[in-house]
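Down below is the structure, laid out as structure tokens.
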Amino acid sequence: MAFLVMNQLFTMIILMSVGFILNKRKCLSANDAKELSVILVKVAVPANMIILLQRTYSHEIFVEFLKVCAGTLGVCSIAAILFFVIAKGMKMTLSATTLFACCGAYSNIIFMGQPLIKALYGEEGLIFCVAVMFVSTLFLFTVCSVLLSLGTDRIKNTGKVLKDSFLNLVFISGTIGFICFAKSIMLPQIISDALQFSANTTVCLSMIYIGFLIAEANFKEVIKDKQVYVFCFLSLIVTPIITKVFASMFLGGIPLSVLVILMGTPAGALLPSFVESYGNDPKRASQYVFMSTILSIITLPAIAEFLCGS
């Protein structure tokens with residue numbers, strides 16, 4: 001299994017290098033990259049979530065899907081608390097603490113997790129990938145939103161939080177896909193093809209976007225920062241172990257393995273732009289994304305082999 005993960009990671013590294021080169025050669029600007037992320041979040045990923053749930057209803061899969069949703073919520077909550085407590089113990093400021101906690105709770109499930117799951121478990125695993133995406137996105141826009149607004153003047157009222165949480169395209173498309181699955185509704189071929197073509201761009205564009213972010217990071221500055229290494233250790237090693245222990249109480253087989261691997265992916269690539277909207281430090285978030293992405297090349301194969309190999 002570790003060999004399959006390594007193959008997939010090296011493929012993704014090749015695509016990341018495209019984004020890296022485009023950045024260094026000034027072929028892709030920061031504004032271009034931001035627009036690229038908009039296309040991903042508002043077109044490719046929503047289309048993908050609907051397509052992945054285009055299958056005949058199965059009660060067994062339905063139950064496991066709900067269990068994975070519950071497991072994702074539990075792990076995200078545990079991770080947020082763990083990172084928050086450790087950040088306070090490291091004497092971080094409140095804004096740095098909330099950033100540390102949110103980046104630890106939101107993994108790169110949308111951009112990096114999906115191609116890994118497809119390589120390892122095929123279509124059977126991807127439906128559970130949607131469950132994790134669905135809940136983690138909701139967690140980002142609710143709990144993480146509240147955390148990031150602590151101590152700032154950007155505290156959102158309940159109505160705004162609910163609007164951002166439930167009226168975003170990822171959540172809406174996930175809901176549509178889930179309804180189609182529960183009712184065994186198959187979309188017309190012309191619509192299905194359009195969604196499939198859009199969904200097919202997800203992996204390539206997301207890896208290019210991550211490569212661009214990596215090129216933006218100051219490697220010399222990041223590599224000397226002990227807090228970044230603490231973050232990576234917690235995110236890439238401790239979190240998947242906690243996931244395995246916690247989720248094993250009610251999950252098994254492919255659903256459990258999918259959740260463990262996705263919770264072991266690096267910090268989410270969308271975090272820098274998300275935390276910036278709260279006046280927090282996008283540069284710091286980029287450092288977490290950068291170093292955890294690099295180190296995940298080592299940790300993800302180990303997770304697949306030792307936590308999901310049996």
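Scanning region 265-285 for residues that are open to solvent by 30 Å² or more (accessible area, probe 1.4 Å) and either part of a helix (DSSP H, G or I) or under 28 Å from Lys244 (Cα atoms) (or both) turns up Leu270, Ser273, Glu276, Pro282, Lys283, Arg284. Residues of region 170-191 that are open to solvent by 70 Å² or more (accessible area, probe 1.4 Å), in contact (Cβ under 8 Å) with a residue 12 or more places away in the chain and part of a loop (DSSP other than H, G, I, E, B): Lys183, Met186. Checking each residue in region 14-38 for being among the aliphatic types (A, V, I, L, M) and surrounded by 12 or more Cβ atoms within 10 Å (Cβ to Cβ) picks out Leu15, Met16, Val18, Ile21, Leu22, Leu28, Ala33, Leu36.
Residues checked against (1) charged (D, E, K, R); (2) within 26 Å of Ile297 (Cα to Cα); (3) in contact (Cβ under 8 Å) with a residue 60 or more places away in the chain:
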residue: Ile61; (1), (2), (3): no, no, yes
residue: Thr98; (1), (2), (3): no, no, yes
residue: Gly122; (1), (2), (3): no, yes, no
residue: Met133; (1), (2), (3): no, yes, yes
residue: Leu150; (1), (2), (3): no, no, no
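Residues considered: Ile303, Ile261, Ile237, Ile241. Of these, the only one that is closer than 16 Å to Val75 by Cβ, in contact with a Pro (Cβ under 6 Å, 6 or more places away or on another chain) and in contact (Cβ under 8 Å) with a residue 12 or more places away in the chain is Ile303. Taking the criterion of being within 18 Å of Phe171 (Cα to Cα) and hydroxyl-bearing (Ser, Thr, Tyr), the residues of region 23-75 that qualify are Ser37, Thr72.
Per-residue answers, yes or no, for (1) open to solvent by 10 Å² or more (accessible area, probe 1.4 Å); (2) over 30 Å from Glu60 (Cα atoms):
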{"residue": "Gly89", "(1), (2)": "yes, yes"}
{"residue": "Ser95", "(1), (2)": "yes, yes"}
{"residue": "Tyr106", "(1), (2)": "yes, no"}
{"residue": "Glu124", "(1), (2)": "yes, no"}
{"residue": "Leu148", "(1), (2)": "no, yes"}
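If you check Leu82, Leu116 for being out of contact with any Phe, Trp or Tyr (no Cβ under 6 Å at 6 or more places or on another chain) and surrounded by fewer than 21 Cβ atoms within 10 Å (Cβ to Cβ), only one passes: Leu82. Within region 211-232, can one find any residue that is closer than 27 Å to Ile51 by Cα and in contact with a helix residue (DSSP H, G or I) (Cβ under 8 Å, 6 or more places away or on another chain)? Yes, the conditions are met somewhere in region 211-232.
If we scan region 77-91, do we find a residue that is in a loop (DSSP other than H, G, I, E, B) and modelled with pLDDT of 90 or more? Within region 77-91, one or more residues are in a loop (DSSP other than H, G, I, E, B) and modelled with pLDDT of 90 or more.
The values are calculated or read from the model by the stated rules, or taken from the named source; none is laboratory data. Just so you know, these numbers come straight off a predicted model, no measurement behind them. Virtual Cβ from ideal backbone geometry, glycine too; neighbours counted across all protein chains shown. Side chains are part of the model used for accessible areas, which takes the heavy atoms of the whole protein and leaves out ligands, DNA and RNA. Shrake-Rupley method; radii C 1.70, N 1.55, O 1.52, S 1.80 Å.
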